[in-house]
Structure formats: C-alpha cells, structure tokens
C-alpha cells in the first residue's frame, strides 16, 4: 500500500491541489491528513471539498481545526483573527468534516496524530528530545507520523537519531527501520517553515518499507493574493514566499 501523508494544509488550496496531482502520479492508494486543514490561508472550504473528493482519506484534528470548533487553546493574535474569519465563512459541510476528525488514527503498528501521541490536545511539538522521548515511551506504534512543526524530519529511536529532510529536486527516500521504532514528519503542505517555500509531504510505501519525502512547486503568488484579498494578516502571505 502507498499512503500519502498530508499535514498542515492551512487553507492553501493551490498547494493542496499541486500535492494531490503529484501524489496521483505516484500511485497512491490512501491518504491521511495530519490536521490543521484550516488557519492562516484563505481557502478553507475549497481545501476541505478537495479532501472530501478523495476516495480514501482519514483525518486527525489539528490545533487550528480545534480552535474553529471552539476547543480552548492558546493562540497568537494574528492566528486568532484568521480563526474568526474562518468561522464566518465555513460551510455546514466543512464544519461537519472538522467535527469528524479524530485525535489519533491507528492502523495496526502505525499511528497518525497532529502534535504528539500521548497528549494530543496539549499540542506539544515533537521536535525537542523531551517530547520525542515521551512520544516513543507512551506510544506502541512502530511507525508514528506527526505534523505541527512544519519541518520534515525522520527520527529513529536508537540514540534519537534525527534526519532533517532536504529534497532539492526529487524525492528523498528513507528506509523504515526493521528493528527500531521511528517518527516521521512530512512537513507542511500549505505553510512550510524550513526555508523552502515548496509544498511538503510524504508517501509511505508499506510494501517496500520506505518513506518518500517530496517537495512540490505551486502558485505561491495566487495563494498569497487570496490571503490579502480576504483581509487576513499579511504576514501569512509573506511567509509563503520564503518558507519561514
């Protein structure tokens, strides 16, 4: 099975559309969204409609999705402004989609979550050793997929070995360890923060036991103009061009 893992879309329709076209050409069987479908960007309904059109797509709840559902959490002022705007434009169908999201999706020895697998609604970033260690200790999954940081990385439990993924043109392929547990983060589809503005996602090929990390170019200018036209904070449009 080939599973496309998409995280942190953040209402960026242009990025999501480009990623799904890219994945379609790579014979993907199933899709999993790791949360934050909404927030920052100006196309929440369009993104959700696109996800709903996929034949096999599971989704977990992100903190921006939770904020739209009035689940209490801390958020900076500009991000809160986008959440309020998102609430005002969401269709009933889109709201229903967000309400159906789960905290964690588990398939056999694989788990998918937005932030961390042990306190998913505390929104810890699995980037520091403390949270990496706790994620391994308090999850039984052999392969764990997380999002939230917007930075693609592969982490192996042995010595907490981290590989930060850089994929200049084509994919970077990382083997799934036979005897060690691992955490994979595919970065962000809609708001990358690793200095590369291209959309980021991964494909897990379970037959070959490899993770394929991809970067996909899209129309950053169109996505940015939509943010400005909607009257949303300009910083979220500016970030798209630089990937920070």
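A short reminder: the numbers here are calculations on the coordinates, not readings from a lab. No experiment lies behind these values; they were computed from the predicted model shown. Cβ placement follows ideal geometry from the backbone for every residue including glycine, while neighbour counts extend to all protein chains displayed.
Here are the numbers for this structure:
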read-out	value
For 178, 221, 49, 212, order by how many other beta-carbon atoms lie within 10 Å, fewest first	178, 221, 49, 212
Exposure proxy ranking, count of Cβ atoms within 10 Å, fewest first, for 145, 184	184, 145
Length gained when the stretch residue 179-residue 99 is fully extended (0.36 nm per residue, less Cα-Cα span)	25.1 nm
Percent RCO, i.e. relative contact order, over the chain, from Cα pairs under 8 Å lying at least 6 residues apart	24 percent
Rounded Å value of the spacing that divides the Cα centres of region 98-119 and region 20-97	15 Å
Residues 77, 198 arranged by fewest to most Cβ contacts within 10 Å	77, 198
Option label - Cα extents along the principal axes in Å computed here, alternatives [x] 61, 44, 32; [y] 50, 37, 32; [z] 53, 48, 30	[y]
